[in-house]
Amino acid sequence: MGLSLLISTAAVAAVHVLGGPDHWLPFVALGRAQGWRWHKLLLLTFLGGVGHVGSSIIIGSAGIGLGMLLKHLKAVEEFRGEIAGWLLIAFGTAYALWGIWRAEKREQALSKAEVLATWTVVILLVLGPCEPLIPLMFLAIQSGWGAVLGVCLLFSVVTVAVMLSVVSAVYGGLLLLPVEKLERW
């Protein structure tokens, strides 16, 4: 496994998180709306990130192990991504409507809907594809399964670290903004 593959893996992992607000914005929005403490916000972001990368590692490993052609595997990933994307949009819309309706009642108790919303965000991220990882895995297999493991570990660590960093920065920044009057809506 060459240094260029490792550098590319780290760069692609970081850019894929920074360029995809679906990796961090749902956690920030839901955490802010539900008043999560830092440890809960970061724990759920971590779980979502590990699941997100983990599901693609499983698919990529199966594709390599079964000798599937990359184009067939890519079609599975794209289909899974489309479904996850539409589910995320539907969930966000439903949650926004529920939040507007609830804003007039100002209930503070943790409801079943809030718990469901929390885990829905994590599950949707797990179901969402991590498209950039699979081609990197196919490049790494040329050097053996050890290289694939190295690429997967590096990609996972960078992805989760960048997710945690962005969530922390954005959430912390929102805490500094005077938006209390807008939060109700």
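Here, each number is a calculation from the coordinates, and none is a lab measurement. These numbers come from a predicted model, not from an experiment. Quick reminder, even Gly has a Cβ in these numbers, built from the backbone with ideal geometry, and neighbours come from all protein chains shown.
By per-residue mean of other Cβ atoms within 10 Å, what is the highest-first order of 30-40, 45-55, 16-26, 164-174?
My ranking of the peptides, most packed first, is 45-55, 16-26, 164-174, 30-40.
Using 0.36 nm per residue, how much length does the chain from SER143 to LEU97 gain when fully extended, once their Cα-Cα distance is taken away?
Taking SER143 through LEU97 to full extension adds about 11.5 nm, to one decimal.
State the extension gain, in nm to one decimal, for the chain segment bounded by LEU153 and GLU82, taking 0.36 nm per residue of separation less the distance between their alpha-carbons.
Value of the extension gain: 23.0 nm.
Contour minus end-to-end for LYS40 and LEU3, with contour as 0.36 nm per residue of separation and end-to-end as the Cα-Cα distance? Spell out each step's value before the answer.
Numbers: separation 37, 0.36 × 37 = 13.32 nm, distance 3.61 nm.
Taking LYS40 through LEU3 to full extension adds about 9.7 nm, to one decimal.
What distance in nm separates the simple spin-label points at ALA161 and ILE89, each placed 7 Å from Cα in the Cβ direction?
Between ALA161 and ILE89, the label points sit 3.4 nm apart.
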